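The values are calculated or read from the model by the stated rules, or taken from the named source; none is laboratory data. From a predicted model like this one, the values you see are computed outputs, not experimental measurements. Here Cβ is always computed from backbone atoms with ideal geometry, including for glycine, and neighbour counts include all displayed protein chains.
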Amino acid sequence: MRYGDRGSQVKDVQQRLLAAGYPLPKYGADGVLGTETWNALQSYAKDGQLLWAPEVPPAVLESLMADPVKIVDLTAKQTNPPADASKFKLDAKGRVVVRDPKIVTGIMLH
């Protein structure tokens with residue numbers, strides 16, 4: 001993988017960087033290996049004491065991709081209440097007020 005690469009593999013790497021706590025605030029997981037992603041990959045390599053080179057070293061990609069990460073598409077339209085409302089406590093208008101903590105997989109701040 002090299003600087004400037006594009007595609008689904010780059011997007012997967014970006015999503016995993018985000019899941020690992022490496023922010024991509026300007027472009028997010030856009031599928032383009034630009035400066036923002038490159039810098040996040042360098043930080044990931046440095047933090048993991050992995051060798052860095054002008055091409056993303058295979059060890060960096062292997063380490064990042066090794067652990068299964070559940071990717072959640074936060075751009076998908078969310079409904080309230082969700083289709084399966086059985087795991088939620090609803091208010092009088094049918095909106096979710098309490099989620100079962102076992103089903104919470106992430107929190108979005110905006």
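Tabulated data
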| item | result |
| --- | --- |
| Count - residues of segment 20-63 that are in contact with a Lys or Arg (Cβ under 8 Å, 6 or more places away or on another chain), of a type in the set (A, V, I, L, M) and more than 16 Å from Arg2 (Cβ to Cβ) | 1 |
| Close pairs from segment 2-31: first over 21 Å from Asp47 (Cα atoms) and among the basic types (Lys, Arg), partner in a helix (DSSP H, G or I) and at pLDDT 95 or above, Cβ under 6 Å, at least 6 apart | Lys26/Glu36 |
